[in-house]
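Heads up, the thing below is written out as structure tokens.
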Amino acid sequence: AQSVSQHNHHVILSEAASLELGCNYSYGGTVNLFWYVQYPGQHLQLLLKYFSGDPLVKGIKGFEAEFIKSKFSFNLRKPSVQWSDTAEYFCAVNGDSNYQLIWGAGTKLIIKP
Amino acid sequence: DVKVTQSSRYLVKRTGEKVFLECVQDMDHENMFWYRQDPGLGLRLIYFSYDVKMKEKGDIPEGYSVSREKKERFSLILESASTNQTSMYLCASSLSGDTDTQYFGPGTRLTVL
């Protein structure tokens, strides 16, 4: 069965620090990979996604993620975080050409002003 | 902009009651999903539907049923609510394919007493 692991459940950073949130998945076939974000009091929304092509994917608000197939990883990065990046971040994967997304447990990111 | 609406933001019910959660999307999406979101567990799929009157079980369908009589509307039914169904329920929709972005509603926080 597919699974998604997000290593950090809580991350606290100061403004302007660099961010990397880990995401590893277990599935050997072709995968589609997603990062979603949930800002306080708001809907879950897509940050970025990868399904083919350049393994470095750029998303909204300066976020990017790199798909490393050999490591089964899809880590999220941002070079300089802002207070407004405080949110919960979810990694999700689907494979087997089905509609079902398998979700990580989420990482709560708190940015100290 | 895609809009996914859910009938209630907050709901309090008693054990044994039948509970209906409604979800409506306005973008003619084929796929609709019901998840529950619990701290530390991420999102877990309850049911999804890829067409009117079609449904598939997700990871945790026990104690739930769904109905999709019209393309835009997907209902989640708790036949006999129990305290362990206290959770945040999220509805989502996507266009048709497995790489399509899922768009989420605001969620319904259900408390079962």
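The values are calculated or read from the model by the stated rules, or taken from the named source; none is laboratory data. In this text the structure is predicted, and so the values were computed from the model without any measurement. A quick note on method: Cβ atoms are made from the backbone with ideal geometry, for glycine too, and the neighbour counts reach across all protein chains shown. SASA here: full protein model, heavy atoms, side chains in, ligands and nucleic acids out. Shrake-Rupley method; radii C 1.70, N 1.55, O 1.52, S 1.80 Å.
Just tell me how shielded A:14-24 is by partners: mean number of partner chain Cβ atoms within 10 Å of each residue's Cβ, no decimals. Walk me through the numbers before you get to the answer.
Working: counts 0, 0, 0, 0, 0, 0, 0, 0, 0, 0, 0.
Partner-chain Cβ atoms within 10 Å, mean over residues of A:14-24: 0.
In sequence order, what are the phi-derived ³J(HN,Hα) couplings for region B:49-66 according to the Karplus relation 6.51 cos²θ - 1.76 cosθ + 1.60 with θ = phi - 60°, rounded to whole Hz, with x for glycine and proline?
Listing the rounded values in order: 9, 10, 5, 4, 6, 9, 8, 9, 6, x, 7, 9, x, 5, x, 10, 9, 9 Hz.
Is there a quick way to get the dipole size of chain A? I mean about its Cα centre, with the Cβ of Lys and Arg at +1 and of Asp and Glu at -1; what is the value in debye to the nearest 20? Don't skip to the end; give the middle numbers.
On the way: 9 positive and 8 negative charges, 12 e Å.
That gives a dipole near 60 debye.
Determine the share of the protein assembly as shown's accessible area contributed by carbon and sulfur atoms, expressed in whole percent, with a 1.4 angstrom probe. Spell out each step's value before the answer.
Working: 5500 of 10760 Å².
With neighbouring chains kept in place, the figure for the protein assembly as shown is 51 percent.
What's the center-to-center distance, using Cα atoms, between region B:43-104 and region A:73-97 in Å?
If we compute the Cα centre of each part, the gap is 24 Å.
In whole percent, what relative contact order does chain A give with Cα contacts below 8 Å and a gap of six or more residues?
Numbers: 279 pairs, mean separation 42.5, N = 113.
Across chain A, relative contact order equals 38 percent.
Summed for both chains, how many Å² of accessible area, to the nearest 100, are buried between A and B with a 1.4 Å probe?
On the way: alone 6290 and 6270 Å², together 10760 Å².
Buried area (both sides, nearest 100 Å²): 1800 Å².
Loop-only GluC sites (Glu not before Pro) in region B:1-83, please: DSSP not H, G, I, E or B, and at most 10 other Cβ atoms within 10 Å. Can you show the working numbers first?
Values: sites: B:Glu17, B:Glu22, B:Glu30, B:Glu56, B:Glu62, B:Glu69, B:Glu72, B:Glu79; in loops: B:Glu17, B:Glu30, B:Glu62, B:Glu72, B:Glu79.
Filter output for region B:1-83: B:Glu62.
I need the calculated FRET efficiency for the pair B:Glu72 and A:Gln42, taking r as the beta carbon distance and R₀ as 22 Å, to the nearest 0.05.
Details: r = 23 Å, r/R0 = 1.02.
Calculated value: 0.45.
Shielding of B:103-109 by partners, i.e. mean partner chain Cβ atoms within 10 Å per residue? Write down the numbers at each step before the final one.
Working: counts 4, 7, 2, 4, 4, 0, 0.
Per-residue shielding by partner chains comes out at 3.
When only C-alpha pairs under 8 Å and at least 6 residues apart count, what is the relative contact order of chain B, in percent?
Worked out over chain B, it gives 36 percent.
Let me have the relative contact order for region B:3-47, percent, based on Cα pairs under 8 Å that are six or more residues apart. Intermediate values should be presented prior to the final figure.
Values: 36 pairs, mean separation 14.2, N = 45.
Dividing the mean separation by the residue count of region B:3-47 yields 31 percent.
Tell me which trypsin sites (Lys or Arg not before Pro) from region B:1-91 have a DSSP coil assignment and no more than 13 other beta carbons within 10 Å of their own.
Details: sites: B:Lys3, B:Arg9, B:Lys13, B:Arg14, B:Lys18, B:Arg36, B:Arg44, B:Lys53, B:Lys55, B:Lys57, B:Arg68, B:Lys70, B:Lys71, B:Arg73; in loops: B:Lys3, B:Arg9, B:Arg14, B:Lys18, B:Lys53, B:Lys71.
Answer in residue order: B:Lys3, B:Arg9, B:Arg14, B:Lys18, B:Lys53.
Within 10 Å of each Cβ in A:99-111, how many Cβ atoms from other chains are there, averaged over the peptide?
Numbers: counts 17, 7, 10, 5, 8, 3, 6, 6, 0, 1, 0, 0, 0.
Rounded to a whole number, the mean comes out at 5.
B:Met88 label point, 7 Å along Cα→Cβ, cut-off 19 Å on backbone N: hits in region A:66-109?
Output list for this probe position: A:84-93, A:101-109.
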